[in-house]
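Okay, so here's the structure we're looking at.
The values are calculated or read from the model by the stated rules, or taken from the named source; none is laboratory data. Treat the numbers as computed from the prediction; the structure is a model and nothing was measured. We place every Cβ from the backbone using ideal geometry, glycine too, and count neighbours over all the protein chains shown.
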Amino acid sequence: MTISRTIAGLVCGSLLILNSAQTVGAQGATVDWSGAYVGAHLGPMWGSADYSERHEPVYARDADIDGFNGGLLAGYNLQTGDLVYGIEVDLGFADVSAKADRGALHNNYSAFKLDFNSHARLRFGLASDRMLFYVAGGLAMANLTVNDVDPGWGEDESSHVGWTLGAGVERVVMDRLSLRLEYLYDNYGSQDYRLRGDGSYDGEVDLSAHTMRAAISYRF
């Protein structure tokens, strides 16, 4: 299944859930979004691992990474009138990668795998009864492995730290339980790698990613 079909299915399914949730739980009650919450998230992730080698520019490769990311989240909200603001952290375990391109003319040996990522974000939203429309931004971190798949060569891993920006919609479906759908753009910045085998060489990766994910959370 392509990423575009996955995203379309996730969006349609989430909208159906949010629509049907109108009949669940207390009706017409005004929601207080204040307080702590925990939850879980899941969705497709895709992006770019822009690879280069300082001393051998011909071996550059802009690899398209894609896969799925899921994990846990926790946060705390404060509400003033219709305005909701707070902080949220999350940890995601990813299966997001790009294999070595054996058909490439120059760099046909570099493979990439994003193992996990995390965010520390501020959220600002507008509440409308059981709905919350919000934007969020802050720090983003990801752990990436670069692998030279040629025989006799190894791999190196490093943590990228950058920034994230996104937006979403959340709806209370029953009492303290809510569902959300959100989009995130993560720019993880550049990091150096050293690959060793019969000698060694240095590479650099500029990493960025997009995520469309659904989440469920419970407010205390």
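Summary of values
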| read-out | value |
| --- | --- |
| Any hit, the range 96-115, residues being in contact (Cβ under 8 Å) with a residue 12 or more places away in the chain and under 30 Å from R176 (Cα atoms) | no |
| Any pair with Cβ under 7 angstrom, 6 or more apart, that starts in the range 207-220 at a residue that is at negative phi and ends at one that is among the aliphatic types (A, V, I, L, M) and at pLDDT below 95 | M212/I7; M212/L10; A214/L10 |
| Subset of the range 150-209 that is part of a loop (DSSP other than H, G, I, E, B) and more than 28 Å from D101 (Cβ to Cβ) - its residue that is modelled with the highest pLDDT | R176 |
| The range 188-215, residues that are buried (at least 16 other Cβ atoms within 10 Å of the Cβ) and over 16 Å from V146 (Cβ atoms) | H210, T211, M212, R213, A214, A215 |
| Subset of the range 50-68 (residues that are over 17 Å from L144 (Cα atoms) and surrounded by 16 or more Cβ atoms within 10 Å (Cβ to Cβ)) | Y59 |
| Sole exception among (1) in a strand (DSSP E or B); (2) in contact with a Lys or Arg (Cβ under 7 Å, 6 or more places away or on another chain); (3) surrounded by fewer than 21 Cβ atoms within 10 Å (Cβ to Cβ) for N107, by number | (1) |
| Cβ pairs under 7 Å, 6+ apart, first in the range 119-130 and in contact (Cβ under 8 Å) with a residue 12 or more places away in the chain, second basic (K, R) and surrounded by 13 or more Cβ atoms within 10 Å (Cβ to Cβ) | R130/R171 |
| Residue ID - modelled with the highest pLDDT, chosen from residues in the range 123-149 that are in a loop (DSSP other than H, G, I, E, B) and among the charged types (D, E, K, R) | R130 |
